[in-house]
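Worksheet: the structure to be examined is printed underneath.
Nothing in this text is a laboratory measurement; each read-out follows from the coordinates by a stated rule. Bear in mind that the values here come from a model prediction, so they are computed numbers and not experimental data. Here the Cβ positions follow ideal geometry from the backbone for every residue, glycine too, while neighbour counts run over all protein chains shown.
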């Protein structure tokens with residue numbers, strides 16, 4: 001059986017399933033069905049999944065209040081300023097609208113991500129190491145040696161794809177333009193399976209893997225993202 005067939009089989013066997021036994025930060029996004037709350041869930045989605053969900057559930061997400069919480073690399077001040085920034089943005093814009101300002105020119109999702117991050121820093125110039133780790137630097141034009149923007153690309157997957165896993169809240173963005181949210185597990189699995197040759201963990205690798213997955217499904221290459229992620233997370237043998 002080839003790699004595509006094996007991945008398709010995992011999808012058919014409901015590898016997408018998330019619940020109290022199979023935890024994932026998308027549970028928070030699904031609970032609220034809101035683009036801003038989904039962004040909070042996506043950007044804090046690093047570390048142990050139980051710790052992520054415990055932290056997210058400690059926040060007043062409906063009102064974007066921090067309740068004095070902190071998380072790993074983010075101080076109480078970082079969390080407070082981040083949620084304040086989103087609250088001010090939500091009063092003026094939809095995230096979909098901001099994203100499209102960058103994306104529509106080139107059909108490159110990184111340009112849309114750049115527009116959102118740029119707007120965040122314009123609305124609130126607060127910065128710190130923990131804050132910058134959370135929302136990221138404004139993406140440069142190059143791709144080699146650059147962060148894969150994993151959590152941002154995961155957020156886009158949640159917003160654009162519409163199936164049993166993802167929410168599909170946004171309009172005007174093609175699934176075929178999305179970039180895989182590459183984490184270290186998915187990177188290692190993809191190298192092992194021969195889907196990726198580039199050993200450097202960066203945005204260029206994410207784009208090359210996405211192009212490979214387009215050979216499996218040109219219209220929706222990210223349908224394979226969660227399967228690759230689960231293989232690494234759950235040490236599934238295929």
Extension length gain for residue 21 and residue 51 (0.36 nm per residue less Cα distance), in nm, is 9.3 nm
From the Cα centre of the range 32-52 to that of the range 165-238, the distance in Å is 19 Å
Rounded to the nearest 10 degrees, the helix 184-193 long axis (Cα) sits at an angle to the longest Cα principal axis of the chain of 10 degrees
Summing -39500 (n - 2.57) over every DSSP H run of at least 4 in the chain, dividing by its residue total and rounding to the nearest 500, the 222 nm mean residue ellipticity is -16500 deg cm²/dmol
Relative contact order of the chain (C-alpha contacts under 8 Å, at least 6 apart) in percent is 19 percent
So the angle from the long Cα axis of helix 203-214 to the longest Cα principal axis of the chain, reported in degrees to the nearest 10, equals 50 degrees
Restricting to Cα pairs under 8 Å and 6 or more apart, the percent relative contact order of the range 118-192 works out to 23 percent
Longest principal axis of the chain (C-alpha) makes with the long axis of helix 150-160 (C-alpha) an angle, in degrees to the nearest 10, of 90 degrees
Checked against the structure, the computed mean projected area of the Cα convex hull in nm² among (i) 13.2; (ii) 15.4; (iii) 12.1 is the one labelled (iii)
Under the 7 Å Cα-to-Cβ spin-label approximation, residue 13 and residue 104 lie apart by a distance in nanometres of 4.4 nm
Normalised per residue, the volume inside the convex hull of the alpha-carbon atoms of the range 109-170 in Å³ amounts to 100 Å³
Taking only the alpha carbons of the range 99-217, the radius of gyration and the largest Cα-Cα distance, Dmax, both in angstrom, are 14.6, 43
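Going by average Cβ density within 10 Å per residue, which order do the peptides 63-70, 174-181 take, highest to lowest? It would help to have the intermediate numbers written out before the result.
Details: 63-70: 15.1, 174-181: 20.1.
Averaged packing, sorted descending, gives the order 174-181, 63-70.
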